[in-house]
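Values quoted throughout were computed directly from the atomic coordinates according to the rules given, and no laboratory measurement underlies them. None of these values were measured; they are calculated from a predicted model. Every residue, glycine among them, receives a Cβ derived from its backbone with ideal geometry; neighbour counts consider all protein chains shown.
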Amino acid sequence: MTWSAAARGAHQPDNTAFTQQRLPAWQPLLSASIALPLFFCAGLAFIGLGLGLFYSSNGIKELEYDYTGTAGPGGCSACALADRGRAPPPPCSCAWHFSLPELFPGPVYLYYELTNFYQNNRRYSVSRDDAQLSGLPSALRHPANECAPYQRRASGLPIAPCGAIANSLFNDSFSLWHQRRAGGPYVEVPLDRTGIAWWTDCHVKFRNPPPVNGSLALAFHGTAPPPNWPRPVYALSPDPNNTGFVNQDFVVWMRTAALPTFRKLYARIRQGNYSAGLPRGSYAVNIAYNYPVRAFGGRKLVVLSNISWMGGKNPFLGIAYLAVGSLCILVGFVMLVVYIRYQDQNDEDEDEE
Amino acid sequence: MDCSLARTLVRRYCAGEENWVDSRTIYVGHKEPPPGAEAYILQRHPDNRIVSSKYTFWNFIPKNLFEQFRRIANFYFLIIFLVQLIIDTPTSPVTSGLPLFFVITVTAIKQGYEDWLRHKADNAMNQCPVHFIQHGKLVRKQSRKLRVGDIVMVKEDETFPCDLIFLSSSRGDGTCHVTTASLDGESSHKTHYAVQDTKGFHTEEDIDGLHATIECEQPQPDLYKFVGRINVYNDRNDPVVRPLGSENLLLRGATLKNTEKIFGVAIYTGMETKMALNYQSKSQKRSAVEKSMNVFLIVYLCILISKALINTVLKYVWQSEPFRDEPWYNQKTESERQRNLFLRAFTDFLAFMVLFNYIIPVSMYVTVEMQKFLGSYFITWDEEMFDEDSGEGPLVNTSDLNEELGQVEYIFTDKTGTLTENNMEFKECCIEGHVYVPHAICNGQVLPGASGIDMIDSSPGTSAREREELFFRALCLCHTIQVKDDDDVDGPRKSPDSGKSCTYISSSPDEVALVEGIQRLGFTYLRLKDNYMEILNRENDMERFELLEILSFDSVRRRMSVIVKSATGEIYLFCKGADSSIFPRVIEGKVDQIRARVERNAVEGLRTLCVAYKRLNPEEYEGICMLLQAAKVALQDREKKLAEAYEQIEKDLVLLGATAVEDRLQEKAADTIEALQKAGIKVWVLTGDKMETAAATCYACKLFRRNTQLLELTTKKIEEQSLHDVLFELSKTVLRHSGSLTRDNFSGLSADMQDYGLIIDGAALSLIMKPREDGSCGNYRELFLEICRNCSAVLCCRMAPLQKAQIVKLIKLSKEHPITLAIGDGANDVSMILEAHVGIGVIGKEGRQAARNSDYAVPKFKHLKKMLLVHGHFYYIRISELVQYFFYKNVCFIFPQFLYQFFCGFSQQTLYDTAYLTLYNISFTSLPILLYSLMEQHVSIDTLRRDPSLYRDIAKNALLRWRVFIYWTFLGVFDALVFFFGAYFMFENTTVTSNGQIFGNWTFGTLVFTVMVFTVTLKLALDTHYWTWINHFVIWGSLLFYIVFSLLWGGIIWPFLNYQRMYYVFIQMLSSGPAWLVIILLITVSLLPDVLKKVLCRQLWPSATERVQTKNQCLSVEQSTIFMLSQTSSSLSF
């Protein structure tokens, strides 16, 4: 590209392919003869893919239970009634009993689902301080203004972790019990509460402040827990690697959901006898019912699901692929008809000319 | 010679500006006039500093910012930015501040640099030394210190430092030569004359003794007009009063040539010089595309406001339930609770505006500007539009109108110099019915004497011979030619006998052709010396005529005269001019024979001039002198008075004969006109020539064909019938045919359709244009337009320059508002060039006035073909795609954002990260469309040139009609729906990773964004018909850049950010199989309708362009493989 040719007029312009707009070029044309095979091929490929996806999605098992307790005979109605006022509701527990006639193939994942909960509300989703969560000691005691009104306690103590998201941390807990034989004892199924958050989140993005004298509690000295929390952040879990800001429940909750109905991973079941899945038998999920949702018309669900290479049960992808594939084939046929009928006509037109 | 038009124009615009004091008085050399002279009001005049720069160091930033924000678009973005700063908005101010800052900075740097250059030029000019006279001595001072009234000395090849009245020169005859190349581009030497009474002052001392005052008009920008008066005071007598005209005025910027030195007195300085007054820029023209773009912008602004309104209203409806407005998990602060509801609603409205403001992107303006600026280089670079002979290439004076070249519906072309070469050749002369044809010059050898003349009739008698010689002398004397002498100014002329012909210079090529022709017939004009014109007659004797007066040419009179005194003391007036202006003033001579010959010549396309004379006795001459003097001295209405005087003088003439000069057609003029007509463009020829000549040219250049039925609307015809009858009759003729034909035939091939050509002359036109007494002025115009619309070609002859502009305006403002193009080469075409939508100047022989005032200039008329059919077509399709695509991609960008509000409680949550919001228009999707809009060729250059009818495909702004605009907008909405709901169903209630982990809202947004960037870029790829390596590079390059950027943006904890919401989001998304599948699916679905539409339209309703594309494709299938193979090596080196 010779830009010196910009000297206008007086001199003969440079004769390069670029300045003369004659660069060698590929000049494709989207004509019916190219589009037709393309449509058929794409259609077939999509249908094939769609079938695969559809069946693989159908192979996924999912069990869910709404334990909000407003309707139905479930054991959580009592708790729901207690959940009248706002924080903090009295501790209450209930259970969900179900039985599996056959093996629920593993690995099995335990989710909780909330509806009508706007984690994506702007005021809510900005109400956090990533600097504080990354363990910066200065930010720990000076939470960002976005956290207001959960920035400081009335006493003036900075809240750690600050903000609406942290304050509304989901605090129901679940335990899964298995009864091998009817009337037999319930055995607790071990729930793996690690590996539920992104590795990068709980190893890089979220960091605890450096411990003072080897104690995390001292590092948080001079801060207050969020108002709704019964215990401070460093006491979230007895496991020292899973407490404070890097507590995985907390990290999962801090990744705000895209839509008002969302699921979050609670635990993975992959240990002991249950690594291959949940064997048949009766089960009970004991629920510590703490989290108030009825105030905003929400619901709470607990979900057991297994997972394939394409994630959880999602018929959308398979159906969409099938639909688009068939559409392509259909359009292909329509175009074929048009092509055959009008090809002759065009030829005649050209002959006339 | 044709400047009168420019003059009138300028006068019109400048009238009334300086009315407060009509004239200024200057004391030459600052000497007070002797007591008793009239008392003058002293005025203050500026110094001679030229300030072309706009800014100073101190005011640059505020002033430049102010200027930039006066543009409505910049102002809009500034408001958005300020809103973001002031209120709590969803996006950070950076997202709109950064692009705005970028645009403003780049523009400011560009303008600052240009201004710095101007400062430098100003300084150089203001500080250059000037010699002037103080107390009889020569003093050197800086130019800027010059004041009005100073006496200045200028040496050869220096430029004049200000506007000067020419007092004396080193040449004995008180003349000097100047070139005004830097003023109006005319490089020919012009002669200026010193004031008669001061030309004797040759030395500094002499000139210091001059005691005079000058009265002149206030400064005005017309370069060719000046009136003034000088009073020279002598010791004894009353002051001598002399008129001053433009021939006494030396303009700043002109250069002194062929003269050792001159003295002059400064009358206009600094910013009051005519050059500085001409700095004012022309009015801005806006293209049709720009107008549609602005309309679309308004539509989008309405969409934007309604979106924001809808969301605000819905937000408050939705929030009416308290648990939604303030659920326990998301409480407000005290101050938020207490805020006034209306204030809150208004803030929300503004926040939504900010959220959706990207629908009108800053970058569109930048891209359009860049596209126009860079794109215009393709015209200047075009080798085929470079003229080897003149060494001139096309010029682009404005790049704002590139695409308008593809929209032209009417072309108004000048004839002389535009359609024709303006390379005149003397063909014949007719003296009293005898025709003389000079033999051609062989190798520059002039054939001597009488042998060069063919006597067609019997040899003339003695009286006839006398007449013949008088005719030759008349032609030798009646002109304003200068003889160019390269080596010595005052040295002896080389005799023409030596075989060398002298070089004549004139602003009119006709004159040169005539004088050269006469030279071949035996009479040679030698030079003008000391007011004596010297000619060499057939016997090689020198004859000297004293030049008494020149009644110079103007295009209204269409004739010129000289009054000379022969050696024997006889006084003659010789007059030469167009037949129509000569014949009515003739009382004697063989009028009929000559008229017949003139008409015959005109039919052959020759330019004819008639020559007449009148013998004056001394008393008559005295009277004439008085008349002229009175008119010349007048300060007001001088031109009008002069014209009246000329009218009185040039009458009762004796007709001598006529001349015929051939002006050959420019090469390929006919071919060009034919192609333009095939392209659906109506070509009108507007000329000052006579009807027959013009009609012959029109036949020659195939504007009229043999089967064209000519309709005449001329003075002659109107004399027979009334204008009313003629118009109605013509319209009946025309409409009878067109009535039976449907409008489709307009675009179809009109082989068997009767086509009409209209000839109208200036007088008839002014009758039509003249409002009638009863006030129903529009009536005739409408009728006339109706006739014109149905004629394939129109010839307007005998047009005054201003009438040309009138015609253009008439068509421009007719009810279809067609796009007009005017092309011409002379100063008389300037008004129509300025009036038309696109003005094209032919860089011709009649100076550069037209080229200077035009939007584009080409060396030859034939270049118009490529300019319109190829460049114009390309620019139009490129820019229309650019505009539509920009709106499309921003609908795709913002509509998901709008939909997301329904799922986030109308909380103005953004779907995309700030970096994506900022960079979407700036870097992810900017280059492909810019390069597309520079490189796209939907059909090849050769095809476009071969098949002019393709131009019809884009006529009437076809690619920016509402239908197309709505299609693009709906495509954008459809794509946005696909992106959003595709991602929505994908994310609804499920996990999409194989490790069971869950994605958040930023992954959702990133998925939508990724699909969008790919779809939008691939949509452009689908539209690209011309894939050079550059297109490949930018299209695939931007996609790659997006991926690399996202990886980086999410791969690092950026320390300067106070949030880390994008950390690993993109990488996590890519690690999920279904995300890949859904990306592929959504891209396919988004592109499907467009592909379908393209294929079906091509198959079912192909446009001419598409047919050609298909045909070429079939032809080149075999060739292309070979071509591609052979090109692979060269393509890399291009």
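The value given for the protein assembly as shown is a Kirkwood hydrodynamic radius of 39.2 Å, derived from the mean inverse Cα-Cα separation. Our estimate of slack between B:PHE66 and B:ASN540, defined as 0.36 nm per intervening residue step minus the Cα-Cα distance, is 163.4 nm.
Counting Cβ atoms of other protein chains within 10 Å of each Cβ in A:257-267 and taking the mean gives 6.
Round to a whole angstrom and tell me the spacing of the C-alpha centers of the range B:373-417 and the range B:960-1001. So the two Cα centres are separated by 45 Å. When chain A is treated as a GNM with alpha-carbon contacts under 10 Å, the residue of A:ARG263, A:ARG22, A:ARG341 showing the greatest mean-square fluctuation is A:ARG22. Of the peptides B:917-930, B:342-355, the ranking by mean beta-carbon count within 10 Å, highest at the top, reads B:917-930, B:342-355.
Oblate is the label for chain A, because the ratio a/c of its alpha-carbon gyration tensor axes (a ≥ b ≥ c) is 1.5 or higher and a/b is not greater than b/c.
Counting other Cβ atoms within 10 Å, keep those with at most 16, restrict to DSSP loop, and tell me which trypsin sites (Lys or Arg not before Pro) in the range A:200-257 are left. Answer in residue order: A:ARG207. Here B:THR191 and B:ILE298 are evaluated by their C-beta separation; at R0 = 60 Å the FRET efficiency comes out at 0.55. Taken about its Cα centre, chain B carries a charge dipole of roughly 3060 debye when the Cβ of each Lys and Arg holds +1 and the Cβ of each Asp and Glu holds -1. On a 0 to 90 degree scale, rounded to 10, what angle separates helix A:32-58 from the longest Cα axis of chain A? Approximately 20 degrees, to the nearest ten. Packing, taken as the mean count of other beta carbons within 10 Å per residue, orders the peptides B:998-1005, B:971-978 from highest to lowest as B:998-1005, B:971-978. Computed from backbone phi with θ = phi - 60° and the Karplus coefficients 6.51, -1.76 and 1.60, the 3J(HN,Hα) list for the range A:182-187 is 4, x, x, x, 7, 9 Hz; x is used for glycine and proline. The range B:311-350 gives an Rg/Rh value of 0.96, both radii derived from C-alpha positions and Rh following Kirkwood. Using Cα-only point scatterers and the Debye equation, what is log10 of I(q)/I(0) for the range B:629-729 at each q in 0.14 Å⁻¹, rounded to two decimals? Debye output, listed in q order: -0.88. Between B:LEU343, B:PRO327, B:VAL408, the Cα set farthest toward the positive side of the dipole of the range B:313-412 (charges on each charged residue's Cβ, about the Cα centre) is that of B:PRO327.
Here the spin labels are modelled as points 7 Å beyond Cα on the Cα-Cβ line, and at B:GLN319 and B:LEU82 they lie 2.5 nm apart.
Among B:LYS1019, B:LYS110, B:LYS678, sorting on how many other beta-carbon atoms sit within 10 Å of each Cβ, with the fewest leading, yields B:LYS110, B:LYS678, B:LYS1019. Amide H to amide H, with H built 1.01 Å from N, B:ASP755 comes under 5 Å of B:GLN709, counting only residues 5 or more places away or on other chains. Dividing the radius of gyration of the alpha carbons in the range A:211-281 by their Kirkwood radius gives 1.11 for Rg/Rh.
Helices in chain A, meaning DSSP H runs of at least 4 residues, each add -39500 (n - 2.57). Divided by all residues, the mean residue ellipticity at 222 nm is -8500 deg cm²/dmol. Here the simple spin-label model places points 7 Å from the Cα toward Cβ, and for B:ASP206 and B:LEU374 these points are separated by 6.3 nm. Fewest-first ordering of B:TRP58, B:TRP1076 by other beta carbons within 10 Å of each residue's beta carbon gives B:TRP58, B:TRP1076. Only helices enter this figure: runs of n ≥ 4 DSSP H residues, each worth -39500 (n - 2.57), summed and divided by the residues of chain B, yield -14500 deg cm²/dmol at 222 nm to the nearest 500. Amide H contacts of B:LYS682 (H built 1.01 Å from N, in plane; Pro and chain starts excluded): B:TYR410, B:ILE411 sit under 5 Å, all sequence-distant by 5 or more or on other chains.
Straight-line reach from A:LYS313: taking Cα to Cα under 25 Å and skipping same-chain neighbours fewer than 8 places apart, the lysines in range are A:LYS61, A:LYS264, A:LYS300. Think of the range B:857-1003 as having a plus end and a minus end, set by charges on the Cβ of Lys, Arg, Asp and Glu; of B:ALA958, B:ILE998, B:PHE924, B:ALA958 sits farthest toward the positive end of this dipole. Applying the criteria of a DSSP loop state and at most 15 other Cβ atoms within 10 Å to the GluC sites (Glu not before Pro) of the range B:514-544 yields B:GLU539. Legend: mean number of C-beta atoms from other chains within 10 angstrom of residue C-beta atoms, peptide B:1098-1110, equals 3. Membrane-span-like helices in chain B, defined here as complete DSSP H runs extending at least 30 Å along the helix axis by their C-alpha atoms with mean Kyte-Doolittle hydropathy no lower than -1.0, are B:93-127, B:288-318, B:873-901, B:962-987, B:1001-1023, B:1029-1051, B:1073-1100, B:1104-1133; this is a sequence and geometry rule, not a statement about a membrane. In the range A:72-204, Cα pairs under 8 Å separated by at least six residues give a relative contact order of 13 percent. With R₀ fixed at 30 Å, the C-beta to C-beta distance from A:SER33 to B:ARG961 puts the FRET efficiency at about 0.55. So if R0 is 30 Å, what FRET efficiency would B:VAL973 and A:THR194 give, r being the distance between their Cβ atoms, rounded to the nearest 0.05? Once the sixth-power term is evaluated, E becomes 0.10. In a simple Cβ point-charge model (Lys, Arg +1; Asp, Glu -1; nothing else charged), the range B:613-692 has a dipole of about 240 debye relative to its Cα centre. Placing a label point 7 Å from the Cα of B:GLU334 along the Cα-to-Cβ direction, the residues of the range A:140-160 with a backbone N closer than 18 Å are A:145-159. The modelled label-to-label distance between A:HIS221 and B:ILE550, using points 7 Å beyond Cα along the C-beta direction, is 10.6 nm. For chain A, the longest principal axis of the C-alpha atoms and the axis of helix A:315-352 are separated by about 10°. Of B:ILE50, B:VAL366, B:HIS837, which is farthest towards the positive pole of chain B's charge dipole, taken about the Cα centre with +1 and -1 on the beta-carbons of Lys, Arg and Asp, Glu respectively? The Cα lying farthest towards the positive end belongs to B:VAL366.
Partners of B:LYS332 within straight-line reach, counting lysines whose Cα lies under 23 Å from its Cα and excluding those fewer than 8 residues away in the same chain: B:LYS315. Dividing the mean sequence gap of close Cα pairs (under 8 Å, 6+ apart) by how many residues chain B holds gives a relative contact order of 12 percent.
With distances taken between every two different alpha-carbon atoms, the range B:596-665 has a Kirkwood hydrodynamic radius of 14.6 Å.
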